[in-house]
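Structure record follows, encoded as structure tokens.
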Amino acid sequence: MTAGVDLGAPRTQAIRSDEDVVRVRQLVRTVAVAAKLSLVDQTKLVTAASELARNTLVYGGGGTVEVSTVHNDRRRGVRIVFADSGPGIADLELALTDGYTTGGGLGLGLSGARRLVDEFDIRTGVGEGTTITVTKWSR
């Protein structure tokens, strides 16, 4: 993951309900606009955040999200960290495969979110929960 410098206090949101997933989308959009991401990049980031927030709720049993504006030597970006204390992901490689689902959906949540952002890092272990960090950089 590329190092970035935080440009302000991170904003944290609990993810415990469907309404919280909506709040996450709104928060990410607000921070992406402030970071001056293009409309296309805002949409990609909000879409990825929505998928990951839904996964945090459904598969992780709820958790938190932390959204911050970062910058490196060349540009600004938005970093989002999703964390839960759920059961973890037993087979990460399989979970990141297009079409794989345990919930009856299209199986594009994790793999789709990974394609929509510039940086994607996932830390998980069975019984240890899951932390996913994504970053979208301005163009």
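Taking the stretch 64-85 as the range and being more than 14 Å from Thr130 (Cα to Cα), in contact (Cβ under 8 Å) with a residue 24 or more places away in the chain and not in a strand (DSSP E or B) as the test, the residues that pass are Asn72, Arg75. Taking the condition hydroxyl-bearing (Ser, Thr, Tyr), part of a helix (DSSP H, G or I) and either modelled with pLDDT under 95 or surrounded by 14 or more Cβ atoms within 10 Å (Cβ to Cβ) (or both), does Ser50 pass? When the stated conditions are applied, Ser50 passes them.
For every residue, the table says whether it meets (1) hydrophobic (A, V, I, L, M, F, W, C); (2) within 22 Å of Asn72 (Cβ to Cβ); (3) in contact with a Lys or Arg (Cβ under 7 Å, 6 or more places away or on another chain).
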| residue | (1), (2), (3) |
| --- | --- |
| Arg11 | no, yes, no |
| Thr30 | no, yes, no |
| Gln42 | no, yes, yes |
| Ala49 | yes, yes, yes |
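Under the condition of being among the basic types (Lys, Arg) and modelled with pLDDT of 95 or more, the residues counted in the stretch 115-139 number 2. Out of (1) assigned to a helix (DSSP H, G or I); (2) buried (at least 21 other Cβ atoms within 10 Å of the Cβ); (3) touching a Lys or Arg at 6+ places or on another chain (Cβ under 9 Å), the odd one out for Leu37 is which? Only one criterion in (1) assigned to a helix (DSSP H, G or I); (2) buried (at least 21 other Cβ atoms within 10 Å of the Cβ); (3) touching a Lys or Arg at 6+ places or on another chain (Cβ under 9 Å) is unmet by Leu37, namely (1).
If you check Thr69, Thr56 for being surrounded by 20 or more Cβ atoms within 10 Å (Cβ to Cβ), polar (S, T, N, Q) and over 13 Å from the mean Cα position of the chain (by Cα), only one passes: Thr69.
The values are calculated or read from the model by the stated rules, or taken from the named source; none is laboratory data. Because the structure is a prediction, the values reported are computed rather than measured. Heads up, the Cβs are rebuilt from the backbone with ideal geometry, glycines too, and the neighbour counts pull from every protein chain shown.
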